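The next block holds one structure in the form of structure tokens; read it before the comments.
Please treat every number below as a calculation from the coordinates, not as lab data. Every value quoted in this text rests on a predicted model; they were computed, and no experiment measured them. Counting neighbours? That spans all protein chains shown, and the Cβs are built from the backbone with ideal geometry, glycine included.
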Amino acid sequence: MSVPETMKALVLTSPGEFEIQQVPVPVPGAAEVLCKIRAVAICGSDPEIIRGGLAGIWPPAYPFTPGHEWSGEVVQVGPEASGFAVGDRVAGEAHKGCGHCRNCLAGRYTICLNYGRAESGHRHYGFITPGAYAQYNVYSIKSVKKLPAKVSFREGALVDTAGVTLHGMELSGITAGGTVVVIGPGPIGLIAMRFARILGAAKVIMVGRGSRLQTAVKLGADLAINFEQEDPVEAVRRATDGEGVDEAFECSGAEGTFAQAVRMVRKGGSVALLGVPPDTVEEKLPYKYIVHNEIAIYGSRANPNVSWKIIEAIAAGRLVVSDLISHVFPLDDFAQALSTFVERKDGAVKVVIEPNGPEVGRR
């Protein structure tokens, strides 16, 4: 494939300031591939990075290109990048661990002990390493997974999102024939609702409000609880004959929801935290209740070792994600896309950017 010398990229120039610039196309190094970015979804963490709420950390410096939920095709293969060829369709992951610390060796590379040390081999694309809001970007072969032709690039951009839910569920488990509650009907919560069923849950309760709660109803929630109209803990207990649910998945990161999730699960139940709260949120938890009822609590970071499972589930038609993509924009209209996502305009759920235009023959 012909690769240009320059490309369009979204460049953060300072906190809250960005523009579309013409920048050099990066060159892949050892065990890396250059990918043509075909679709990149806006994640809930992106607005905070763009706003500069984590400046100095995410991103570590300016100028910087964010974006981490992406799919595309390999257009150049660096040395030692075995197993990949020009033309391969791929979906990306944000994390690439150092590969040699205790956590990486145990397969827990999203909590790499050498986080942020580029010299160790660690990468966090779109956060501290240049990301996917560009026409091209370089990735480690450890951070890309092959995408079959039957999975569209738009669907491929949601592999990262879906992986967050599956990782949390692999940590907590899903009780076959049991009941699950999902707090927060955003993209992660809606996929969690679907994946809980795939893994054997018989009933899924969704807690939220507004248009997204209505979306959950349309997509098959067994029970929708509007926390603005009733106490969600009481409503969940009432719906489970006082016992509580088997597993609770907190997907909003909102203040107070962690404690609610704990109160919603049955004795011996599990809570998985999939939403990322602001640094200012510190929860007051029912300590004794957790101990006496043996409530298991799992922190969950990103999507280690699950991307291939998500891709296979989408390809097989078991996991549907295409209907969660509510809006699609070209890279030049990023400001409008971001506003649509943040303000949830026109019922926005998942907003996707196509830096190189739409995929031919797909909708």
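When Ser71, Ser339 are arranged by Cβ crowding within 10 Å, least crowded first, meaning fewest neighbours, the order is Ser339, Ser71.
If you look for lysine pairs in segment 162-299 that are eight or more places apart or on different chains, how many of them have Cα atoms under 25 Å apart?
Details: Lys203/Lys218; Lys203/Lys267; Lys267/Lys284; Lys267/Lys288.
Qualifying lysine pairs in segment 162-299: 4.
So the label point goes 7 Å from the Cα of Ile111 along Cα→C-beta, right? Which residues of segment 256-281 then have their backbone N under 14 Å from it? Residues 272-274 fall inside that zone. Over 20 Å apart: what share of the alpha carbon pairs of segment 138-234 falls there, rounded to a whole percent? In whole percent, the share of Cα-Cα pairs in segment 138-234 beyond 20 Å is 46. For the pair Met1 and Lys146, label points projected 7 Å from Cα toward Cβ lie 1.6 nm apart. Each label was represented as a point 7 Å from its Cα along the Cα-to-Cβ direction; for Ala118 and Glu48 these points are 2.4 nm apart.
Within the listed set Gly256, Gly208, Gly163, the residue fluctuating most in the Gaussian network model of the chain (springs between alpha-carbon atoms under 10 angstrom) is Gly256.
Given the DSSP H assignment, sum -39500 (n - 2.57) over each helix run of at least 4 residues in the chain and divide by its residue total; what's the result at 222 nm in deg cm²/dmol, nearest 500? Intermediate values should be presented prior to the final figure.
Details: 11 runs with 89 residues, N = 363.
Computed ellipticity for the chain at 222 nm equals -6500 deg cm²/dmol.
Semi-axes of the equivalent ellipsoid for segment 99-177, computed as √(5λ) from the eigenvalues of its C-alpha gyration tensor and ordered from largest down, come to 24, 22, 11 Å. Which of the listed residues, Val25, Pro47, Pro187, is farthest toward the dipole's positive end in the chain, when Lys, Arg count +1 and Asp, Glu count -1 at the beta-carbon? Ranked along the dipole, the leading option is Pro187.
Select one label from [x] 0.97; [y] 1.01; [z] 1.09: the one whose number is Rg/Rh (Cα atoms, Kirkwood Rh) as derived from the coordinates shown. It is the one labelled [x]. The HN-Hα couplings worked out from phi for segment 61-70 by the Karplus form 6.51 cos²θ - 1.76 cosθ + 1.60 (θ = phi - 60°) are 6, 10, x, 7, 10, x, x, 9, 9, 9 Hz, whole numbers, x standing for Gly and Pro. Rounded to the nearest 0.05, the FRET efficiency derived from the C-beta distance between Glu282 and Arg238 at R0 = 45 Å is 0.95.
Placing +1 on the Cβ of every Lys and Arg and -1 on the Cβ of every Asp and Glu, with no other charges, gives segment 110-222 a dipole of roughly 220 debye about its Cα centre.
An ellipsoid equivalent to segment 162-299, defined through the eigenvalues of its Cα gyration tensor, has semi-axes of 19, 17, 16 Å when rounded to whole angstrom and sorted largest first.
Nearest 20 debye, what's the magnitude of the dipole of segment 67-172 about its Cα centre given +1 on Lys and Arg Cβ and -1 on Asp and Glu Cβ? Walk me through the numbers on the way to the answer.
Values: 11 positive and 9 negative charges, 33 e Å.
Roughly 160 debye, rounded to the nearest 20.
Each residue, Glu80 and His100, gets one label point 7 Å from its Cα in the Cβ direction; the gap between the two is 1.1 nm.
Each residue in Arg89, Arg344, Arg123, Arg197 was given a count of other beta-carbon atoms within 10 angstrom of its own, and listing them fewest first yields Arg344, Arg197, Arg89, Arg123.
Which FRET efficiency value, to the nearest 0.05, do you get for Arg301 and Arg344 by plugging their Cβ-Cβ distance into 1/(1 + (r/R0)^6) with R0 = 30 Å?
Details: r = 25 Å, r/R0 = 0.85.
In this case the efficiency is close to 0.75.
Stokes-Einstein at 25 °C, 0.890 mPa s, Kirkwood radius from Cα pairs: D for segment 210-363 in µm² s⁻¹? Result for D is 134 µm²/s. Under a model in which nothing but the beta-carbon of Lys, Arg (+1) and Asp, Glu (-1) is charged, the chain shows a dipole of about 780 debye around its Cα centre.
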